[in-house]
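A short worksheet on the structure shown next.
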Amino acid sequence: MKLAINGGEKYRTNPFPAYNTIGVQEEEAVLRVLRSGKLSTYLGTWHDDFYGGPEVRALEREWGDYFSVKHTISVNSATSGLYAAVGACGISPGDEVIVSAYTMSASATAALVYGAIPIFVDIEEDYYCLDVKSIESKITPKTKAIIVVDIFGQPYDRDAINALAKKYNLYVIEDAAQAPGAMHNNKFAGTLGDIGIYSLNYHKHIHSGEGGIIVTDDDVLAHKLRLIRNHAEAVLSAKGIEDKSELINMVGFNYRMTEIEAAIAREQLKKLPDLLTQRLANTMYLNDQLAKIPCILPTKLRPNCKHAFYVHPLQFDEKIAGMHRNRFIDAVKAELPPTLLREESTVLLSYGYVRPLYLQPLYQERIAFGRNGYPFNLSDVTYPKGLCPVTENMHYNTLITHEFMRPGMARSDMDDVVNAFKKVWENKAELL
Ligand SMILES: *Cc1c(COP(=O)(O)O)cnc(C)c1O
């Protein structure tokens, strides 16, 4: 059978079903807000409405109940949430913040925004999260926080990293944008560190178009997060501030979520358990089926954890395949159709994830804010190629990620995916 990449027929041409979680519940929620006329009630001065309107507050209550966490602070994106988290921890110019090299770029820019230097650390071979073994040698007197990422939906190595953070008195900021509903020992991802951040962006498990959620059990951090969200400087009164350190990073932004987004997010939260159950069942099916192909290695699950599978990571064995991963995956992609609502992203199958962050021009050239290389001009840290060898090997040689497990994919759709992989495996001689 001739492979599609060589001009043969595609294994499947009709698109995969859309992943659309928006339904009548969200429609009604939006109408409820529109009809109320109150699309946001926030005020950036000291007032009852400093903490937002009824939908925003209801979402925060419901989110906190669901995730069993004391404080929930909604914001307009997870990026804003990460920025606010770094600010609330009092991070200062020249401080160092440890962050995974393999994550969405905002996990690291959060440090830069406060003038801190991201110190990139390599990932675990098995779980792709920050590798605790690589952290300790990077800790210096300047280190103030660790930004851990529950990458692809896998909770970070909580016990080991939290113990290290405690030993060196560091904050743990948990980027759980890809892991709503994931768990470590029956505790939700996002609540495993000092501050956790979720995303409600369109590409995430549940969404309101754009949006983010911050959670913490710490009263002081929660207070600061709420101030940063909404023009801190305008509401902090000079009277009563005895300790001037209370003003650190109390320069506010407008990170506020609208009532419409909050109303949608409330409906989406109700759907999360069922969506996760489907996602997990689909992933386990694909994991088992794809692992029957000799050059594909199944994903590993961290013990005592529940994975949320934002994407499904697999490993490719080049020796067994007799060719580079990219050649094989290009051939599989050629066999498959795009997914509805996501046509622009073509086939939801990739080699690697995003480029290791320190290879971005920002870090290679050490140019961030302004002309003088701030904040890199406060530090000798450089970002050479090879800095994080595990990450680089994953990205350029071994990691495969796909999103064919999203709810809405039927068993027959997933079988088409598996059969496309099989077709390429069985006809791999055509690629050599
Ligand atoms: C999506 C994502 C973000 C950013 O989320 P936004 O809500 O789009 O700002 C941050 N970190 C990780 C790991 C993400 O996947």
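The values are calculated or read from the model by the stated rules, or taken from the named source; none is laboratory data. Values in this document were obtained by computation on a predicted structure and should not be read as measured data. Note that each Cβ is placed from the backbone with ideal geometry, even for glycine, and that neighbours are counted across all protein chains shown. Each accessible area value is taken on the protein alone, full model and side chains, heavy atoms only, with ligands, DNA and RNA left out. Shrake-Rupley method; radii C 1.70, N 1.55, O 1.52, S 1.80 Å.
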If you check every pair at least six apart or on different chains, which have Cβ atoms under 9 Å apart with a residue in segment 125-153 that is among the aliphatic types (A, V, I, L, M) first and a residue that is open to solvent by 30 Å² or more (accessible area, probe 1.4 Å) and modelled with pLDDT under 95 second?
-> I151/Y353
Pairs with Cβ under 6 Å, 6+ apart, first in segment 340-360 and over 13 Å from N397 (Cα atoms), second modelled with pLDDT under 95 and in a strand (DSSP E or B) = L348/T339
Out of all the residues in segment 74-99, which are open to solvent by less than 10 Å² (accessible area, probe 1.4 Å), within 17 Å of R229 (Cα to Cα), outside any helix (DSSP H, G or I) and within 14 Å of the ligand (Cβ to nearest atom)?
-> S74, V75
Evaluate the following for E392: is it open to solvent by less than 40 Å² (accessible area, probe 1.4 Å), part of a helix (DSSP H, G or I), out of contact with any His (no Cβ under 7 Å at 6 or more places or on another chain) and charged (D, E, K, R)?
-> yes
For V149, indicate whether it is open to solvent by less than 10 Å² (accessible area, probe 1.4 Å), more than 21 Å from L378 (Cβ to Cβ) and hydrophobic (A, V, I, L, M, F, W, C).
-> yes
Considering each residue of segment 166-183, count those that are surrounded by fewer than 24 Cβ atoms within 10 Å (Cβ to Cβ) and either touching a residue at least 24 places away in the same chain (Cβ under 8 Å) or within 16 Å of the ligand (Cβ to nearest atom) (or both), and give that number.
-> 5
Kindly state which helices (runs of 4 or more DSSP H) lie completely within segment 312-384 and contain at least 1 residues that are under 30 Å from E96 (Cβ atoms) and open to solvent by 70 Å² or more (accessible area, probe 1.4 Å).
-> 361-364
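For (1) among the polar types (S, T, N, Q); (2) farther than 27 Å from L280 by Cα, each residue gets a yes or a no:
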| position | (1), (2) |
| --- | --- |
| T382 | yes, yes |
| G386 | no, yes |
| T398 | yes, no |
| K422 | no, no |
| L431 | no, yes |
What pairs come up if the first residue lies in segment 361-384 and is closer than 13 Å to G115 by Cβ, the second is part of a loop (DSSP other than H, G, I, E, B) and among the β-branched types (V, I, T), and their beta carbons are under 8 Å apart, counting only those six or more places apart or on different chains?
-> G373/I367; F376/I367
